[in-house]
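Quick note: the coordinates plus some simple rules give every number you see, no bench work behind them. From a predicted model like this one, the values you see are computed outputs, not experimental measurements. Glycine gets a Cβ as well: all are built from the backbone with ideal geometry, and neighbour counts include every protein chain shown.
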Amino acid sequence: MGFKQDDYSTDLSQRDVRYAHALGLSRGSIFGLLRILLFLLLDAVMVTIAWVTAKYISDIVPQWGVVGIALIPNEGRGPGLLLPIITINTVLLVAAKLYGSRFQRRSYLTLIITLSLSQCLIVVIQFLYQPDLPFSRSTFLMGFLFTILLILVGRWGAEGLITLLRRRGSPAQNYAGGPWARYGAGAVVNRINQQERI
């Protein structure tokens, strides 16, 4: 029982765990993780803006006359609901796999259905958590509509920005293909690209 040449590779990049590619980490996977985190943050900010705006509008309209929900705990109306609202929306969006590939992120019908389900769940939690507190239907309805609208607009804008950045390419690609391509580093990059095509 001897060792074959293929059993033990002398290439350090295949054996060393400290080498990024040995762990499956590449530039694309790091950007993918960063993109997911940015979409999570974007959605949380949009949900916050939507509910704060809905509460503000329902508080300034005197005809509705219902005490609005407490979004922040120190308002004197009980514990705040903003953090549970953000958590419920985010967890359901993650469960619906709306942070995955480009096709999954652009599934706007699934996004609307998921946000509708999260708003129903928020209403149920409001009734179970604080049944004696007056229920502000206007705040919940505006929060629901603003959440859907702002998340759709935010995601549409972020996808447009990602598409624009992809079209522009990296600075090295822009420099290599520019008018100075026959000089300096641009010529080297062009020669490497030509050799890779062969």
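Full extension of the chain segment joining A95 with I112 gains 4.7 nm, where the gain is 0.36 nm per residue of separation less the Cα-Cα distance.
Highest mean first, the peptides 92-101, 50-59, 153-162 sorted by other C-beta atoms within 10 Å per residue fall in the order 50-59, 92-101, 153-162.
Computed over neighbours whose Cβ is under 13 Å from that of L41, the net charge equals +1, Lys and Arg +1, Asp and Glu -1.
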